[in-house]
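Colleague: Sharing a structure with you now.
Read the figures in this text as sums done on the coordinates, not as results from a lab. Not measured: the values here are computed from a predicted model. FYI the Cβ positions are ideal-geometry reconstructions off the backbone, even for glycines, and counts take in every protein chain you see.
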Amino acid sequence: QVHIVESGGGLVQPGGSLRLSCAASGSIFSIYFMGWYHQAPGKQRELVASINSDDYTNYADSVKGRFTISRDNAKNTVYLQMNSLKPEDTAVYYCNIKTVVGGTGKRYNYWGQGTQVTVSS
């Protein structure tokens, strides 16, 4: 069993910053992907940023230059530093972690519970 805990959301004014954290614990095998998605009301969940086991990062065009994803392998934790926030960044942010079991190659996909980010004056 794997437990995912997100934190760091909240209300911030335009131009402000927030840092999201997502920690995984439990029966974790090899993590090969950690990412953040967001979902605004009435819209589909979209990838915001991701980082793989080689530390390759990928960002949605809308957040490039403003958001930074990073990971702490020792803590099985992924972070999303969000700067220069805009009202259109308002959404529920979900952490996603993918693992693989060496030997069997079986893959697992885990989601956090979501954390609300609201950017408003």
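Colleague: Every residue in segment 75-121 that is without any contact (Cβ under 8 Å) to a residue 12 or more places away in the chain and either polar (S, T, N, Q) or closer than 14 Å to residue 21 by Cβ (or both), please.
Modeller: Result: 104, single match.
Colleague: Still on this structure: Taking into account only those residues within segment 23-69 that are among the polar types (S, T, N, Q) and under 16 Å from residue 112 (Cα atoms), which is farthest from the chain's Cα centre (by Cα)?
Modeller: Ranking the candidates gives 27 first.
Colleague: Say whether the condition of being surrounded by 17 or more Cβ atoms within 10 Å (Cβ to Cβ) and among the acidic types (Asp, Glu) is met by at least one residue in segment 89-112.
Modeller: The answer is yes; a qualifying residue exists.
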